[in-house]
Amino acid sequence: MRTTSNPVFRNLPKQEGNGYASFGSATAGASQVTQQFGQPQYAPAEPYQTGPTSRAMTIDDVVTKTGITLGVLSLSALLSYFLVNNNTDLAGPLVIGGGIVGLVLVLVATFGRKMDNPAIVLAYAVAEGLFLGALSFMFTDVEFNGVGGPTLIAQAVLGTFGVFFGMLVVYKTGAIRVTPRLTRMIIGALIGVVVLALGNLVASFFVDGGLGLRDGGTFAIIFSLVCIGIAAFSFLLDFDSADQLIRAQAPEKAAWGVALGLTVTLVWLYVEILRLLSYFSRD
């Protein structure tokens, strides 16, 4: 069984077959079966047993739940952006508060095994929306040494979903297969960038600019490109894990966990693309 770099999608049941390029192809009643995170702890190796009042999860459930989650996040982000636009003193509290609350909710969902709880997933979307809206304003407003304005945000959003749908096509066509080796490489790369980011943060307390990974220079651009690449490839593992849930006939509510996992990756990808675009806009 493959694992994923996104903890929201770990510990899936073991499946027969390769599971490649079939995301969205399973049907109910047949072969149906989640940065900066958490993964539903559905442990049985055999297909899930749904109750008399429940049914197996389908791709439509994944699309619907993910759409709702992203919709709530978008509305929260717009509200946050306009609040900060009217009162810049709110930027810091919203970024810090939203980020911390979002992280705590993911940890609760992960370790509390509440990935299928829609209240937690939607609460995360609200918190992360407040974080992203304020952070986006800070990245693009001159008062915070930002550049680009709303145009830069629109470019980052388009870039994020462009990468998402591009990797979905790559997965669905089987152009890149999700193998144990690929999984190990992505997880190793993810651990590497996290260690470097933490090292840069610690170094910034003692040296201006830290290790130079977030100062807009050459190394910062390369680091952001690497992060974007890892986030993009993480989608392949996320799609594969969701596919396995569908094939294992996971209960319908498990789609909320899939939505949370995809949203976590999308948020990370958006922040990295926005950061990279801001580097080039300064030049």
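For every residue, the table says whether it meets (1) touching a helix residue (DSSP H, G or I) at 6+ places or on another chain (Cβ under 8 Å); (2) over 28 Å from Lys114 (Cβ atoms).
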residue: Thr183; (1), (2): yes, no
residue: Val194; (1), (2): no, no
residue: Gly216; (1), (2): yes, yes
residue: Phe233; (1), (2): yes, no
residue: Gly257; (1), (2): yes, no
residue: Leu262; (1), (2): yes, no
residue: Trp268; (1), (2): yes, no
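Scanning the stretch 102-151 for residues that are open to solvent by 30 Å² or more (accessible area, probe 1.4 Å), farther than 17 Å from Val271 by Cβ and among the hydrophobic types (A, V, I, L, M, F, W, C) yields Val104, Leu105, Leu107, Val108, Phe111, Ala119, Leu122, Ala123, Val126, Val142. For the stretch 223-242, the candidate set comprises residues that are aromatic (Phe, Trp, Tyr) and open to solvent by less than 20 Å² (accessible area, probe 1.4 Å); within that set, the residue that is nearest to Val62 (Cα to Cα) is Phe239.
Might you let me know whether the stretch 203-214 holds any residue that is under 27 Å from Tyr124 (Cα atoms) and either open to solvent by less than 40 Å² (accessible area, probe 1.4 Å) or not hydrophobic (A, V, I, L, M, F, W, C) (or both)?
Yes, the stretch 203-214 contains at least one residue that is under 27 Å from Tyr124 (Cα atoms) and either open to solvent by less than 40 Å² (accessible area, probe 1.4 Å) or not hydrophobic (A, V, I, L, M, F, W, C) (or both).
Here is a list: Ser224, Ser281, Ser204. Which entry is polar (S, T, N, Q) and more than 22 Å from Gly159 (Cα to Cα)?
Exactly one residue qualifies, and that residue is Ser204.
Among the criteria (1) under 18 Å from Ser80 (Cβ atoms); (2) open to solvent by less than 30 Å² (accessible area, probe 1.4 Å), the one Ala154 does not fulfil is (2). Of the helices (runs of 4 or more DSSP H) lying entirely inside the stretch 176-283, the ones with 2 or more residues being touching an Asp or Glu at 6+ places or on another chain (Cβ under 8 Å) are found at 218-247, 255-282.
Of everything listed in (1) of a type in the set (Ser, Thr, Tyr); (2) at pLDDT below 95; (3) surrounded by 16 or more Cβ atoms within 10 Å (Cβ to Cβ), the single unmet condition for Thr179 is (3).
The values are calculated or read from the model by the stated rules, or taken from the named source; none is laboratory data. Model, not experiment: these values are computed from the prediction. Glycine also receives a Cβ, built like all others from the backbone with ideal geometry; neighbour counts cover every protein chain displayed. Heads up: the accessible areas ignore ligands, DNA and RNA and are worked out on the full protein's heavy atoms, side chains in. Shrake-Rupley method; radii C 1.70, N 1.55, O 1.52, S 1.80 Å.
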